[in-house]
Amino acid sequence: MSLLPDSLHSLFSGLLSKPGDKFSAEITPTGKQVVKINTEEIKHTAVKYPSTGTIVETIVHKEKK
């Protein structure tokens, strides 16, 4: 049984599949929109800056153990 609503289950089923996987989204006090996904294999961060509309993505591929 999934804790996610049906509408979100298909969106996250491939991203969050193991214990410890994390997803977060926030708007900072300065207006930046930040989305983070952290799994055993990858760490992906995207930040949208309000003044320019620029999106900066950082992707870190972790070495398999």
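The values are calculated or read from the model by the stated rules, or taken from the named source; none is laboratory data. Computed from a predicted structure; not experimentally measured. Counting neighbours? That spans all protein chains shown, and the Cβs are built from the backbone with ideal geometry, glycine included.
The figures follow:
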quantity: Answer residue from the range 52-64, given it is free of Cβ contacts under 8 Å to residues at least 12 places away in the same chain and not in a strand (DSSP E or B) and is surrounded by the most Cβ atoms within 10 Å (Cβ to Cβ) among those; calculated: Thr54
quantity: Flag if Ser24 is among the polar types (S, T, N, Q), surrounded by 10 or more Cβ atoms within 10 Å (Cβ to Cβ), outside any helix (DSSP H, G or I) and modelled with pLDDT of 90 or more; calculated: yes
quantity: Inter-residue pairs, beta-carbon under 6 Å, first in contact (Cβ under 8 Å) with a residue 12 or more places away in the chain and farther than 11 Å from His61 by Cβ and in the range 37-50, second in a strand (DSSP E or B) and charged (D, E, K, R), 6+ apart; calculated: Asn38/Lys22; Thr45/Lys36; Ala46/Glu57
